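Following: one structure in structure tokens, then a few remarks.
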Amino acid sequence: MVNDGARVRSRSSNRDLRKTLSLSRTKAGIHDKLHAETIVIGGGVIGCAIAYELAARGQDVLLLERARIAEGASCAAAGMIAADSEHFSSPMMLNLATMSRQLLHEQYEQLSSLSEMHIGYQQNGFITPVRLEKDLSRDSTVTAPRSIASEIWWDEITVQQEAPWLSKDIYGAYYRPLECDVLPVNLTQAYAKSAQALGARIIEGVHHVSLRVDANGVQGVETSIGTMTCRNVIVANGLQGEVLMKQAGLQLPTMPVKGEIAAVQFSDHSRQLAPDKTVYAEDIYIVPKANGEVWIGATVLPGESDLHVSAAGLQKLLERAASWVPGIGEAQFVRTWAGVRPSTPDGLPYLGACESIPGLYTAFGHHRNGILLSAVTGSLLADFIEGKSSEELNVQGCRPERFNKRGILH
Ligand SMILES: Cc1cc2nc3c(=O)[nH]c(=O)nc-3n(C[C@H](O)[C@H](O)[C@H](O)COP(=O)(O)OP(=O)(O)OC[C@H]3O[C@@H](n4cnc5c(N)ncnc54)[C@H](O)[C@@H]3O)c2cc1C
């Protein structure tokens, strides 16, 4: 059974990065008989990206968030847009990731200007270092799809010139110049504020939402602030998506995979030891962020959904990071936090229209790539709402109803 989304619960958490979100918050008062063409459930990066895209296309959209915008996994992420570095579970996902990185590149200026927020978008490129020549052959035996079109090999001398802050025992490194990163809370809030600027309505603090479905399909939602009618509902509440779908009699298994992250900061004195590109190593990533911190992540703890950071987890992160970037040991420790990735049995998100229930759509289960895939998910769901099919959009593998009631692929 899934737990309570993913929130940061360390003393000084990633949520502290929220500048005062001047989302013109609609108070969760009584909203009986509210109507919208499309209701999006969930205010994480996925729900907010969908609301933004629908509003940008002139659609009438209302987003309902149980707590606050960017409350779940989206406030725990490292914010890497790693389309070339990730090993994806299928060529379709690699394609979506590449499209999404490009879309975000095209969107970020408009998002920043509509929302008046700094989303921390930076294209610094990622480095995957290897210590031994034999590690290269191991890399080539990995069969998972990964983009190699834009990667450049750096030999030992080039590594020392381009990344003098890396450990001196590096044999060489792949450099992927198109990779970028964002501040994930800011991106999520920027999607939300931009959606509002374009006419979307957003209500936070809606503690309870349930689906109203009859033989004709979706009729609306019952909420703690009243009944709402609509033509379409998009379930985009991450880890909690499974619970809502069960109400409609559909089985969309979703599993928690906890991850722990730490942030450090370099003083002026130690700045020359700090990485200026993301290190995407096989056992750790080290991401210099636009807010001046360096984020180190992440542990992978399947089945765990609490938000505590263990001493052992933190020790592992810092040790691994310092083995690639020795200067990490000189940096000032800032804070640590944990979040829970919404995962699915086949590693693919549930994207699209439910064939058995007209008007019901899903967009959850993005596991470790929800920030990366947010832009393309917004675009795809808007296409689905406009009547396009999974086949037309080439995402049949993500069909929401691909598992039957016993959790076995159709
Ligand atoms: C440690 C860690 C590091 C990560 N790093 C990266 C990374 O570098 N790059 C990347 O692309 N991805 C990364 N991810 C994955 C990414 O964070 C997730 O895939 C993404 O945030 C999922 O977004 P979401 O909107 O689906 O879910 P969430 O962000 O969890 O949002 C769901 C929202 O729905 C709300 N909600 C829940 N139930 C209801 C309800 N019944 N009614 C209304 N609202 C509801 C919740 O309050 C929440 O705000 C990382 C994740 C973790 C944990």
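The values are calculated or read from the model by the stated rules, or taken from the named source; none is laboratory data. Since we're looking at a predicted model, the values are computed, not measured. Note that each Cβ is placed from the backbone with ideal geometry, even for glycine, and that neighbours are counted across all protein chains shown. All accessible areas refer to the heavy atoms of the entire protein, side chains included, with ligands and DNA or RNA removed. Shrake-Rupley method; radii C 1.70, N 1.55, O 1.52, S 1.80 Å.
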In sequence order, calculated HN-Hα J values of segment 182-198 (Karplus, 6.51, -1.76, 1.60; Hz; x Gly/Pro): 9, 8, x, 5, 5, 4, 4, 5, 5, 4, 5, 5, 5, 4, 4, 4, 9
Accessible-area value, residue 337, 1.4 Å probe, nucleic acids and ligands omitted, Å²: 0 Å²
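Counting pairs of alpha carbon atoms under 8 Å apart in space and at least six apart in sequence, what relative contact order in percent does the chain give?
25 percent
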Cα centre as origin, Lys/Arg/Asp/Glu Cβ charges: segment 249-380 dipole, Debye: 140 debye
Where a label projected 7 Å from the Cα of residue 212 along Cα→Cβ would reach, residues of segment 34-62 with amide N under 17 Å: 34-41, 62
Most to least packed among 80-87, 38-45 [average Cβ atoms within 10 Å]: 38-45, 80-87
Rounded to whole Hz, the Karplus (6.51, -1.76, 1.60) HN-Hα couplings of segment 341-346, x for glycine and proline: 7, x, 10, 10, x, 9
Flagged links, alpha-carbon separation over 26 Å, of 258/388; 193/258; 277/316; 168/289: 258/388; 193/258
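I need to check one value: relative contact order of segment 252-330, counting alpha carbon pairs closer than 8 Å and at least 6 residues apart, in percent.
40 percent
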Overall form of segment 333-410 per C-alpha gyration tensor (a/c, 1.5; a/b vs b/c): oblate
Bridge type composition, the chain - antiparallel percent by DSSP, nearest 5: 70 percent
Surface share of carbon and sulfur [accessible, 1.4 angstrom probe, percent] for segment 57-209: 53 percent
Against the rule of thumb 2.2 N^0.38 Å, how large the Cα Rg of segment 41-102 comes out: 1.32
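May I ask you to order 385-391, 225-231 by the average number of other C-beta atoms within 10 Å around their residues, highest value first?
Answer by packing, highest mean first, reads 225-231, 385-391.
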Highest-MSF residue in the chain out of 161, 251, 107 [GNM, Cα springs under 10 Å]: 161
Relative packing of peptides 99-105, 88-94 - highest average C-beta neighbours within 10 Å first: 99-105, 88-94
Cα gyration tensor category, rounded, prolate or oblate, for the chain with a/c compared to 1.5: prolate
Using θ = phi - 60° and Karplus 6.51 cos²θ - 1.76 cosθ + 1.60, couplings along segment 36-43 (whole Hz; Gly, Pro as x): 9, 4, 10, 10, 9, 9, x, x
Selected from 238, 281, 269, residue furthest toward positive end of dipole (segment 225-317; charges at beta carbon): 238
Spin-label model distance (nm) - residue 135 vs residue 243, 7 Å beyond Cα toward Cβ: 4.2 nm
